[in-house]
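Visitor: Here it is, the structure, as structure tokens.
The values are calculated or read from the model by the stated rules, or taken from the named source; none is laboratory data. Small disclaimer: the values here were computed from a predicted structure and weren't measured. Cβ placement follows ideal geometry from the backbone for every residue including glycine, while neighbour counts extend to all protein chains displayed. Side chains are part of the model used for accessible areas, which takes the heavy atoms of the whole protein and leaves out ligands, DNA and RNA. Shrake-Rupley method; radii C 1.70, N 1.55, O 1.52, S 1.80 Å.
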Amino acid sequence: MKMKRRDFLKGAAGGLALLTLDGKVVDARMVEALPPDALGILYDSTLCVGCNACMSACKEANNKKPEMHGDQQLWDKPQDLSASTLNIIKRYSSGTGEHKDQEEDGYAFIKRQCLHCVDPSCVTACPVSALAKDKETGIVTYDKDACIGCRYCQVACPYNIPKFEWDDFYPEIVKCQLCSHLIAQGGISACCSVCPTGASLFGPVAKLREETRRRLQMKPGKRYKFPVSSIDSGKWHEFEAPKYERHVYGQDELGGTQVMYMSAVPFEKFGLPSFPKESFVSMASGIQYAIYKGMVYPLVVLAGLIFMAKKNKNSEEAEQSASTHDQGEDA
Ligand code: SF4
Ligand code: SF4
Ligand code: SF4
């Protein structure tokens, strides 16, 4: 049973809301494993042409407003993830920026959205279960009626994903929910259904992981079939295999994620952080048993705070060594 906003406020009035959650709510925050029927996305940066169709489709599917900046009042031009932008394509560029998928004098694209962590810190940090991981699909969803606006999820998320509607009278937390409303009707994520190249590919995580192993065995320069839209769609394009990085981002990071990345450019060039295999939740839970069970929430938030401090320092250093631009800036 979920704790609703009014129940939490009643508890908070007693002054010990974080420490007096009932056993069932605590159970919902136990360390998670990947559900067998988990759904996700494989984003292959080498197939992405930066067309931004996925960004438009995402806004349309989720009723999000365009973002205008400066004099460019004709086009939706988001700078980053925001309360109106759940999915953004960014561009890495270095030196002359001439060659696609090359680290030196090259460029490459990266898609940013919620990664649907296998063991999500945001879910653990949320004191009222407004964020929850679906037991069947593993999709991390948001319940606006339960949310009390504490924004612990924002601090706890190691990927800086959840955003807050500061401009709204009844603000909500905003993040990708893998288009679960479309999946419930038998569809797939909007970003994947419109992607012309198959760079964003929807499917069961088990099959997507199998696909990553297939791609890592491809011989660079040789032609192969790459599925489009969904791994089970039966549709495909034929491309020359790139020289992939030998690591799939999201395979192991912090317990793994259901949205995974492949690339020919090192992931740190996109500003993606390096993480250990163990999740913040399992780290905090380990300590939790040595202290007391209510401590898991502040610990996850603390882990997020430490990470944010380190990340800010790292991004300053990264900005000095290479330039990463939003795709829109170059349009
Ligand atoms: S990426 Fe952040 S918001 Fe998304 S599931 Fe993981 S912790 Fe939660
Ligand atoms: S799955 Fe849906 S909400 Fe998430 S990035 Fe794709 S289109 Fe946007
Ligand atoms: S629709 Fe596909 S190719 Fe176009 S920007 Fe998005 S991921 Fe890249």
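Visitor: Kindly flag which residue pairs out of K111/K207; K133/K243; K59/K219; K100/K144; K111/K243 have an alpha-carbon separation exceeding 30 Å in this structure.
Guide: Cα-Cα > 30 Å for K133/K243; K59/K219; K100/K144; rest within.
Visitor: Between L216 and E136, what length in nm is gained on full extension when 0.36 nm per residue of separation is reduced by their alpha carbon distance?
Guide: Value of the extension gain: 26.0 nm.
Visitor: How large a share of the accessible area of the range 117-276, in percent, is made up of carbon and sulfur atoms when the probe is 1.4 Å and the other protein chains stay in place?
Guide: Looking at the range 117-276 in its full context, I get 51 percent from C and S.
Visitor: How far apart, in nm, are the 7 Å Cα→Cβ label points at A33 and E60?
Guide: Result for the modelled spin labels: 4.1 nm.
Visitor: What's the ranking of 249-255, 164-170, 45-51 by average number of surrounding C-beta atoms within 10 Å, highest first?
Guide: My ranking of the peptides, most packed first, is 249-255, 45-51, 164-170.
Visitor: What full-extension length gain, to one decimal in nm, is calculated for K225 and W166 as 0.36 nm per residue of separation minus the Cα-Cα distance?
Guide: Contour length minus Cα-Cα distance gives 16.8 nm.
Visitor: Which FRET efficiency value, to the nearest 0.05, do you get for W75 and H99 by plugging their Cβ-Cβ distance into 1/(1 + (r/R0)^6) with R0 = 25 Å?
Guide: 0.40
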